[in-house]
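J.: Got a structure for you, written out below as structure tokens; questions coming shortly.
The values are calculated or read from the model by the stated rules, or taken from the named source; none is laboratory data. Since the structure is predicted, the reported quantities are computational estimates derived from the model, not experimental observations. Cβ atoms come from the backbone with ideal geometry, glycine included; neighbour counts cover every protein chain shown.
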Number of protein chains: 2
Amino acid sequence: MDLVDREGLAALTMRRLATDLGVEPMALYRYAASKQALLDGVIEMFFAEVNADLAAQTVAEHARPQAEAAVAWRQELQRIAHAYARVAQAHPSVFPLVATRPVTLPLARRPAPMLQLNEHVLALLARSGFDEHTRLRIYRALTAWVVGYLLVDKRQMIDNPEEPDPLLRLGLHRLPAAQYPHLRATAPLLADHDAERELASGLGILLDQAAEGPAGAARAAGRTP
Amino acid sequence: MDLVDREGLAALTMRRLATDLGVEPMALYRYAASKQALLDGVIEMFFAEVNADLAAQTVAEHARPQAEAAVAWRQELQRIAHAYARVAQAHPSVFPLVATRPVTLPLARRPAPMLQLNEHVLALLARSGFDEHTRLRIYRALTAWVVGYLLVDKRQMIDNPEEPDPLLRLGLHRLPAAQYPHLRATAPLLADHDAERELASGLGILLDQAAEGPAGAARAAGRTP
DNA sequence: ACCTGAACACCGTTCAAGT
DNA sequence: ACCTGAACACCGTTCAAGT
């Protein structure tokens, strides 16, 4: 993970890692069955860090009085989203791997820390009184929004970091004004927004509707399950 | 793209593509400056297909009376999300590339079809009377939710496709019931949900709140900008 | 139990050369 | 303008062997 953080995903090769560890390439195969298994190990470390973050906070907040059950699950999911986002931003080169790997990795083969986080979310929602289908809907809303938002938020806008002029730094001279007037006008604003707040408020609204029911009419009165 | 669809991303190498085309590997460098440029070409084809989908529909619906401006932008963004989802599902091996590449590709260097789609969305929102910051908030909500949802929706649940028994097919015997009771209980339901509907309703609720304002209190009365 | 060393079948990309 | 051919510096992984 250190190697990926320092030099990017492409730098993580069996041979490179081996020389960094002062060992022959084949020695690594005692610890990981393949390159893919090694990458899954990196994903494992990512989720272990998320869990450690959450556990550390939990201890600190144990003193505080328990919030009423109706809002507690919302707060807890926001807390999870926040921890996940922090870790994603701490390891920007690892995150694309974490975001896409589950597409090909069967559920039952996921690393334990990832399964533990999944279980934690589902158990929390069960305790809050949601039926199975609602639990899954909320679970999907949480992960889809957090993963998607972190993927678009981290998008690269800067074309030439050396350039002092903001327009040239963004490389907007490459976009013909006739073809892309709105993109040119709006692009400079892409960088300055409160990502944390947008992530949290989008999540809040999705949780509301997912908890209310599949129709998502979103004008229901109560919010308690 | 055909090669990736048939045999996965890993099969797309300069050498393999060259032999498929009956040519020496170095001949490809007349058409793409590097492997990365080739991959960006695949992303370009992805967005070209989304745009073609949208254009085809537009012609067909031209006859219908124009909906009132207040709802038109919502419908159009739903239509875009739907087209994007269709293309993502048509090219499942390409989609992870499309979802993660913008993280490292500067805005101004994106392929034209991708920029055209971006411009289309921003122009639509401008015509609907939204200010610059609201346009961006809606734009981010759209792409984050669609990309994130397609990433989680497509997640692999099946561990052993050969196995007739549903529990073993999912590989749930790998998950100790003591450690993961909720995950085990809920996993079989992960596959059966109406993804199209969930995607559309989540998007609907996000668009409502993004249009209403940054606070996202979500209890505002009107929906017109 | 843990590591080495040689070998194999691949990669992307360079350079110089051909038609 | 378009393609070839040899070469270079890498890959992941095999197999057999060492301590």
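J.: Scan segment B:113-161 residue by residue and report those that are over 26 Å from A:Ser201 (Cα atoms), among the polar types (S, T, N, Q) and assigned to a helix (DSSP H, G or I).
T.: Of everything in segment B:113-161, just one residue is over 26 Å from A:Ser201 (Cα atoms), among the polar types (S, T, N, Q) and assigned to a helix (DSSP H, G or I), namely B:Gln116.
J.: Let me ask you something else. Within segment A:14-29, can one find any residue that is away from DNA strand C (no atom under 13 Å from the Cβ), modelled with pLDDT of 95 or more and aliphatic (A, V, I, L, M)?
T.: no
J.: Could you tell me whether A:Gly22 is more than 10 Å from DNA strand D (Cβ to nearest atom), small (Gly, Ala, Ser) and either away from every other protein chain (no Cβ under 14 Å) or at negative phi (or both)?
T.: yes
J.: Okay, moving on. Can you work out which of the residues in segment A:138-161 that are at the interface with chain B (Cβ under 7 Å from one of its Cβ atoms) and more than 15 Å from the chain's Cα centre (by Cα) is nearest to A:His82 (Cα to Cα)?
T.: Only one residue tops the list, namely A:Gln156.
J.: Any idea which of (1) in contact with a helix residue (DSSP H, G or I) (Cβ under 9 Å, 6 or more places away or on another chain); (2) free of Cβ contacts under 8 Å to residues at least 12 places away in the same chain is the one B:Pro166 doesn't satisfy?
T.: So the condition that B:Pro166 fails would be (2).
J.: With A:Leu168, A:Leu117 as the choices, which residue is of a type in the set (A, V, I, L, M, F, W, C) and over 25 Å from B:His193 (Cβ atoms)?
T.: Every option except A:Leu168 fails the conditions.
J.: Condition first: more than 8 Å from chain A (Cβ to nearest Cβ) and either of a type in the set (A, V, I, L, M, F, W, C) or surrounded by 18 or more Cβ atoms within 10 Å (Cβ to Cβ) (or both). Now tell me which residues in segment B:126-137 satisfy that.
T.: B:Ser128, B:Phe130, B:Thr134, listed by residue number.
J.: Please verify whether B:Leu97 is within 12 Å of another protein chain (Cβ to nearest Cβ), within 16 Å of DNA strand C (Cβ to nearest atom), under 17 Å from B:Tyr149 (Cα atoms) and modelled with pLDDT of 95 or more, treating the condition exactly as stated.
T.: yes
J.: Moving on. Taking segment A:169-211 as the region of interest, how many residues are loosely packed, with under 15 Cβ neighbours inside 10 Å, over 28 Å from the mean Cα position of the chain (by Cα) and within 17 Å of B:Leu122 (Cβ to Cβ)?
T.: 4
J.: Sort out which residues of segment B:138-154 are basic (Lys, Arg) and surrounded by 22 or more Cβ atoms within 10 Å (Cβ to Cβ), and write them in order of number.
T.: B:Arg140 - this is the single residue of segment B:138-154 that is basic (Lys, Arg) and surrounded by 22 or more Cβ atoms within 10 Å (Cβ to Cβ).
J.: A further question follows. Of the conditions (1) facing chain B (nearest Cβ under 10 Å); (2) buried (at least 21 other Cβ atoms within 10 Å of the Cβ), A:Met114 satisfies every one except a single condition; which number is it?
T.: (1)
J.: Same structure, new question: So, in segment A:25-47, exactly how many residues are within 14 Å of chain B (Cβ to nearest Cβ), in a helix (DSSP H, G or I) and within 9 Å of DNA strand D (Cβ to nearest atom)?
T.: The qualifying residues number 2.
J.: Identify, please: which residue in segment A:1-13 is away from DNA strand C (no atom under 11 Å from the Cβ) and free of Cβ contacts under 8 Å to residues at least 40 places away in the same chain and is, among those, farthest from the other protein chains (Cβ to nearest Cβ)?
T.: Applying the filter and picking the extreme gives A:Asp2.
J.: Just one of A:Ala108, A:Ala90, A:Ala85 is under 12 Å from A:Val147 (Cα atoms), small (Gly, Ala, Ser) and either surrounded by 18 or more Cβ atoms within 10 Å (Cβ to Cβ) or more than 9 Å from chain B (Cβ to nearest Cβ) (or both); which is it?
T.: A:Ala85
J.: Still on this structure, please answer the following. Which residue is surrounded by the most Cβ atoms within 10 Å (Cβ to Cβ), if the candidates are limited to segment B:1-19 and must be within 15 Å of DNA strand D (Cβ to nearest atom) and of a type in the set (A, V, I, L, M)?
T.: Once the filter is applied, the top-ranked residue is B:Leu17.
J.: Tally up the residues in segment B:162-190 that are aliphatic (A, V, I, L, M), at the interface with chain A (Cβ under 10 Å from one of its Cβ atoms) and assigned to a loop (DSSP other than H, G, I, E, B), please.
T.: Count: 3.
J.: Can you name the number of the only condition in (1) under 21 Å from A:Asp5 (Cα atoms); (2) in a helix (DSSP H, G or I) that A:Ser93 fails?
T.: (2)
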